[in-house]
Structures are given as C-alpha cells and as structure tokens.
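The values are calculated or read from the model by the stated rules, or taken from the named source; none is laboratory data. Given the structure is predicted, the values throughout are model-derived calculations rather than measurements. Reconstructed Cβ throughout: ideal geometry from the backbone, glycine too, with neighbour counts over all protein chains shown. Heads up: the accessible areas ignore ligands, DNA and RNA and are worked out on the full protein's heavy atoms, side chains in. Shrake-Rupley method; radii C 1.70, N 1.55, O 1.52, S 1.80 Å.
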Amino acid sequence: MSYAADVVADVVVVGAGIAGLAAAHRAASAGKRVLVLEKERDESYLCNTRIATGVLNLAHTDPYLPAQALRKAIDDDTESYADPALADAIAATAGSAMEWIRGCGGKLLKVPVQGSPMWMLAPPRLPSTGHHWKGYGPDLLLRGAVSALEGKGGRLERGMRARGLLMEDGACRGVEAEREGIVVRYAARHVVLADGGFQGNPQLVRRFICARPEALVQRSAGTGTGDALVMAESAGARITDATEFYGHLLAQDALVNANLWPYPTLDTLAGAAILVDGQGQRFVDEGIGGITLSNFIAKMEDPLAATLVCDHAIWESSGRIERVAPNPHLIRAGGTVVTGPSLRELAVALGIAAENLEKTVSAYNAAVGQHRIDSLSPVRTEGREFGVSRASPKRVSLRPVVEPPFYAIRVCAGISFTMGGIAIDDRARVLDKGGRPIEGLLAAGSCTGGVEGGPVAGYIGGLLKACCFGLIAGASASGRH
C-alpha cells in the first residue's frame, strides 16, 4: 500500500453504532486487523443506537421469518421503493443479524407493541417521557459488542473524528481523522463508513430535507452530522434521494422542553383527529401515518403552523393508545394542551379564526357521519396506529369531533434519522456516479440510501437494517462475498 500513513490496518470503520460494530466484529472474526474510529469521547458515547427503544423488526415483521416473507414486508412498507437487490440482501441477513446480536450478549424478549408481539432488546425501556437509556437493552448491546470486538483483537478509538478519505487513482486507501487538533492518517485495504445519518447537521438538512431545520425537534442523539456522506461525496460517490427522514409528530413544546422527546409521540392521536393550519383549515390527509405526516409538516413553508384538534372522546380513546401516550404523559411532562368548552372558545385561545375552525370541523363531521371521508379536501383516509406498517389493515376508528371539551396541541416534526445518503450495492460497496464500486470503500447503516424513504417515507426499522448491512460490509471487507 503506497499511501503514506501513521497507522496501518486491514479495515478501518468510521462510527461505533450497531452498523459499525457489526462490520468491525465480522472482519475481526475473519482475522483482519480492525480499527473503529468513534468521534465521541465518553465510554458511554452517545449515538442513535444507544438511545434507541430497542425494537428489532424488519418492516414490522418478525426477522426470524423466511426471507421471502421479509422481502414482501419490505416492499409493502416502502411501497416497492426499496432497491430490490438491497432488499434481498437485508431479508437474507436478518436472521443472522439477530444471532449476531445474541452472540454479543444482547438479550432479547418479545413484548406487545400496539397489541402485536415484537422482539426487543432487554431490559426494555420504561414507558415514560424523557431520556432513559443507561442500562437498558441498546446500551448493554453496544457495551457487549465493543467487548466482543476487543476479544477478537479489534480496537476502538474514541474521540477520533474522520475528516476525509485517502484516495489514490480512484480507490480508497484509508481515512484521515483528527483528535484535539492532531491529524492521524489511517491506511487500510477497506474503509467502512457507518457514522449514522445527517440529522444533526443543519446545513445538510437544509440542503436535502427542508428550508427550516431549526423548526424540527432533534429526536436523536444529535451526533449524526453527515461526515461520512460529505467524505464519500467528495470522493466521487453517488448520493441517493435523501429528502425524507424517519421521525414522529411531537408537541411543539419539545423544541424547548427535553422531557417531551423522544416521547410522547402524537402519531396515533393525529390519525384520529384533525390537523389544521394557522387559518383553521385542514391541509393534509391525517391518515397517512406519523412518519409521512412528519415529513409533510417539515416541508411546509411554516413547519410550526400545524395544530391537532380533537374532542374529549378522541382524547380519551386514541389519546391513550400508544405505549407512552399523550394522554396523560404530555401534560405530566410539561406539555401544553389547550382546551375549550366549545370550538369557538378553543379557536380564540389558539388565535385561529373561529368561523374557519367551526366550518372545517363541521365538514369533517358530516363526511365521517356519511362514511364519505374520501370526499373531503384534502382527501381523508383512516388513520394508522403508531408502529403499524403502511400495508397493515389495523386502523384507528374515526369519530366525529363533537364531544366537549375540545383539545388542541401545536405540533411539529421530530427527526430521528435521515433516510437516504451514500449509494451502495448488495455487498455494501460504495458506488460512484456511474454505478461502479469504489475500490476499498464500503458503507452501512443510516449514512446509506436506497432502501427507506421515497414518496411515502417508507421505513423498515433502523437497528436491524443497520446491523444487516454492517455484517454484509464486514464480510466484504474480509473477502467473504
């Protein structure tokens, strides 16, 4: 290897979340000299994996099911947006990913999520607001994965931020990183980019997703700043469609009150209620699901102009469905719920034209009563419950908004991680603008694209997707593909 370097390894991995550690462990298990660079310094370094809820499913489907069933679920949840080759690779790897998690000490149990049993890392997080991740399943998994990597001879270097790829004749020969102003060049036969999405980088969010990133709640660790995407793009990689993100509806108070994210989310409540703009008029189909709604609201001219309106019956039913439900957790955590004995008084309290709101609700109620919700403008479909796939028939029963008191919550989009980024093939090789693999460069996890996103912001599950392509990248770096 001719590139001058300070450190030489077989494989250098950028990012120590589940994707990076899976790739590193797989390569180290094959006898490769592996280094993992993690920009956060603390031993319990923050990343999206560590603060995740810990649900392990693939497109809302048990990952132990046959690959054919998983493949169909991916198509259903993304409405066939996912690249077929990438979807095939994930479906074929899901079961192995679950066993890798177990092998790293991850403890799994099945818990009911919205009435359906799903695998979750144990111990599970408590159903409460605020940030409680220490000692729970994802935190313990990362600790176990680091130990497993070190047991195979791999090494994790914290506080080391990757800044650029070492390129030679169109091939990647390593990576340049920095710690406290000291630059270190790592030469490697393979570099695996796995540093998460770009949700924590306002400039990239503005470039790809919306004009006002400051109006989005960072429903994430905040450490995904898109370094891998920037480095790969500079090296000639193709960037996929990256205009959508995984997230949920939150109360606007979450912009200033950290106790209101990541929970409670308002997805299920919004699917049974009405969303109005600053003029008191509906502007979107509330039934499209919280992830799609979040993306729609983020792209509005004013992402903070949306208000959820419901009545007492909806507040006491759909408002209580989610595991950390807005009723009662939103108020308990300091969130604002505006109430009024009539729609007119509610509108006055909100500063919305009362006549417009009354007219909007009246038209909605008539359509619900006549079972003609598809006649509304915008058209209205039945709302999905939180965590239910786009293809699932499980729906929220719609009710007219008639029973006082009436409730209103100003809502905003919470962004967890971005969908889309570095283009890869089914061996996790980074592709250039002509669709050819860039020698020596691999990528996995949320910094990559081609599976999630698209017109419906299709989502198949962050942890397991990242783990699958981490393992695939590790196999490619080991010459086992």
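What to note about this one:
- Test result for residue 227, open to solvent by 20 Å² or more (accessible area, probe 1.4 Å), in contact (Cβ under 8 Å) with a residue 24 or more places away in the chain and within 20 Å of residue 463 (Cβ to Cβ): no
- Restricting 420, 440, 479, 434 to those that are out of contact with any Phe, Trp or Tyr (no Cβ under 7 Å at 6 or more places or on another chain), small (Gly, Ala, Ser) and within 23 Å of residue 52 (Cα to Cα) reduces the list to 420.
- Strands (runs of 3 or more DSSP E) completely within the stretch 106-212 that count 2 or more residues being in contact (Cβ under 8 Å) with a residue 40 or more places away in the chain and within 18 Å of the chain's Cα centre (by Cα): 116-122
- Residue 450 fulfils the conditions (1) touching a strand residue (DSSP E or B) at 6+ places or on another chain (Cβ under 6 Å); (2) modelled with pLDDT of 95 or more; (3) on the phi > 0 side of the Ramachandran plot; (4) not hydroxyl-bearing (Ser, Thr, Tyr) except for a single criterion, (1).
- Here residue 420 meets the list (1) surrounded by fewer than 17 Cβ atoms within 10 Å (Cβ to Cβ); (2) under 17 Å from residue 85 (Cα atoms) almost entirely, failing just condition (1).
Yes/no matrix, rows are residues, columns are (1) crowded, with 16+ Cβ neighbours inside 10 Å; (2) touching a helix residue (DSSP H, G or I) at 6+ places or on another chain (Cβ under 9 Å):
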site	(1), (2)
121	yes, yes
138	yes, yes
141	yes, yes
145	yes, yes
149	yes, yes
153	no, yes
197	yes, yes
211	no, no
218	yes, no
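- Any hit, the stretch 30-41, residues being modelled with pLDDT of 95 or more, surrounded by fewer than 18 Cβ atoms within 10 Å (Cβ to Cβ) and either assigned to a helix (DSSP H, G or I) or polar (S, T, N, Q) (or both): no
- Flag for residue 81 being over 14 Å from residue 470 (Cα atoms), more than 18 Å from the chain's Cα centre (by Cα) and open to solvent by 40 Å² or more (accessible area, probe 1.4 Å): no
- The residue of the stretch 458-470 that is farthest from residue 73 (Cα to Cα), among those that are in a helix (DSSP H, G or I) and either touching a Ser or Thr at 6+ places or on another chain (Cβ under 6 Å) or not aliphatic (A, V, I, L, M) (or both), is 470.
- Residue 431 in a strand (DSSP E or B), surrounded by 23 or more Cβ atoms within 10 Å (Cβ to Cβ) and more than 20 Å from the chain's Cα centre (by Cα): no
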